[in-house]
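So the structure is just underneath, and the comments pick up after that.
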Amino acid sequence: MSIVKHRFLDHKIEPATETLLVGTFNPEALDNEADFFYGRSRNFLWRLLPTAFGHEDLKGTNAFEKRSFIKRYKVDFIDLITAVEVEAGMESNYDDRYLDSRVATWTDIMAELRKLQHLKRVCFTRKTLADIPNMRAQVGAIQQYCAANSIEFILLKTPARTYSTSKQEIWTQALIQAE
């Protein structure tokens, strides 16, 4: 068994953040090509998110451009998991069902939420939680915090695997309608 840490542990959320996107985990693994959150080739967040705000597609751009975008639009990211303990050869397994029972350290998301005085909405980048009971409990706590603090909570369709106009409409409606 080996401990795999989150690839972007050094990321600090901007204090002016109004929209926080919560994901699950991005491993620090040799074959992980992501230069920033959601930056893997099979993830379409960097097309969905900018398009929702009427901005040009940022999929395939560098981390500097992505960071400039999130600062301008007051969007930021955090993942539920800080580290996992996995079998040798499974360091790059991104499957939430696999990771759910292998969490070594959860991220203290509540502590981060308390720091964000301008937060308007929290979006979890997964629509269903049935097959990930431990993550579901973490998301439930976030949802309760949001409800108690008049912060909108949204379950978004995953940006992974495919891009479609219907997925784009869901993202745009969730992010822009909330404005």
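A short reminder: the numbers here are calculations on the coordinates, not readings from a lab. The structure presented is a predicted model; accordingly, all values stated were derived computationally and were not measured. Heads up, the Cβs are rebuilt from the backbone with ideal geometry, glycines too, and the neighbour counts pull from every protein chain shown.
Only bridges with both residues in the chain count here: give the DSSP antiparallel percent, nearest 5. Present the calculation step by step, with values, prior to reporting the outcome.
Working: 9 of 22 bridges.
Roughly 40 percent of the DSSP beta bridges within the chain come out antiparallel.
Per-residue HN-Hα couplings for segment 115-128, Karplus 6.51 cos²θ - 1.76 cosθ + 1.60 at θ = phi - 60°, whole Hz, x for Gly and Pro?
After applying 6.51 cos²θ - 1.76 cosθ + 1.60, I find 7, 8, 6, 9, 5, 10, 8, 10, 10, 9, 8, 7, 8, 10 Hz.
Mind sorting W106, W46 by how few other Cβ atoms lie within 10 Å of their own Cβ, fewest first?
Lowest to highest Cβ neighbour count: W106, W46.
As a footprinting exposure proxy, order R136, R114, R7 by other Cβ within 10 Å, with the fewest listed first.
R114, R136, R7
Starting from the Kirkwood Rh over alpha-carbon pairs, what translational D in µm² s⁻¹ does segment 1-74 have by Stokes-Einstein at 37 °C and 0.692 mPa s?
Result for D is 246 µm²/s.
Restricting things to Cα coordinates, could you compute the convex hull volume per residue of the chain in Å³?
Per residue, the Cα convex hull of the chain comes to 110 Å³.
Based on DSSP H runs of at least 4 residues, each adding -39500 (n - 2.57), what is the mean residue ellipticity at 222 nm of the chain after dividing by all its residues, to the nearest 500 deg cm²/dmol?
-9500 deg cm²/dmol, from helical runs alone.
What ranking of K12, K59, K127 emerges when the number of other C-beta atoms within 10 Å of each C-beta is taken as an exposure proxy, fewest first?
Neighbour counts put them in this order, fewest first: K12, K127, K59.
Could you grab the relative contact order for the chain? Cα pairs under 8 Å, six or more apart, rounded to a whole percent.
For the chain, the relative contact order is 30 percent.
Work from the charge dipole of the chain (Cβ charges, +1 for Lys and Arg, -1 for Asp and Glu, about the Cα centre) and give the residue of T107, I70, Y38 farthest towards its positive end.
I70
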